[in-house]
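Taking it in order: structure first as structure tokens, then the write-up.
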Amino acid sequence: MVTGALQNLLNVFKGKEISPEEQEQLFEEVFVTVTGRAVSADTNIHPNEIAMVQQIYKEVFEKEIEAGAVRSAANSELFETTPLESFVKAAAKKLTGVEKYMICDSIKHVVNADGKVGKWEIDYFNQIATALKMTPAEIAGLVDKSGPL
């Protein structure tokens, strides 16, 4: 069963239109899911990585998120049948350039939080950046993110 917390992500994946309010919630859903999955990308869930997701989430959304919510979103049964990248690719069409940049930048901070970045984490970052259709220049912050990318 799909949790209500990921309903907008599922709707976009199915090709349904979403309202402006749902659009804002979509960014939050993608952010939590993608950064949550980054925590376990190397199969070693380090407390610093979860703390980093919580810190960035608070800065971006101006509210708290529990560690359990980060783990739950990333491990939703929604992704048992369809890879997360497929959902991110569908959502990328609805996200702004700033939102996509923030997601990539946040993944970078999360995978660095334990002091080492492994091959699986690099692969995960590349998969999400590709699904978001981000160019290297966009990821590096060299492109003006104020407009659509």
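Observations on the structure shown:
- Counting only helices (runs of 4 or more DSSP H) that sit completely within the stretch 58-122, those holding 1 or more residues that are within 16 Å of Ala38 (Cα to Cα), open to solvent by less than 30 Å² (accessible area, probe 1.4 Å) and aromatic (Phe, Trp, Tyr) correspond to 84-92.
- Any chance Ile50 is under 24 Å from Gly115 (Cβ atoms), in contact with a helix residue (DSSP H, G or I) (Cβ under 6 Å, 6 or more places away or on another chain), not in a helix (DSSP H, G or I) and not hydroxyl-bearing (Ser, Thr, Tyr): no
- Test: residue in the stretch 89-105 that is farther than 17 Å from Phe27 by Cβ and either modelled with pLDDT of 90 or more or in contact with a Pro (Cβ under 7 Å, 6 or more places away or on another chain) (or both): no
- Residue pairs meeting the criteria (Cβ under 7 Å; at least 6 apart or on separate chains; first farther than 15 Å from Pro136 by Cα, in the stretch 84-112; second open to solvent by less than 50 Å² (accessible area, probe 1.4 Å) and of a type in the set (Asp, Glu)): Val110/Glu49; Val111/Glu121
The values are calculated or read from the model by the stated rules, or taken from the named source; none is laboratory data. What you are looking at is a predicted structure, and each value in this text was computed from that prediction instead of being measured. Glycine gets a Cβ as well: all are built from the backbone with ideal geometry, and neighbour counts include every protein chain shown. All accessible areas refer to the heavy atoms of the entire protein, side chains included, with ligands and DNA or RNA removed. Shrake-Rupley method; radii C 1.70, N 1.55, O 1.52, S 1.80 Å.
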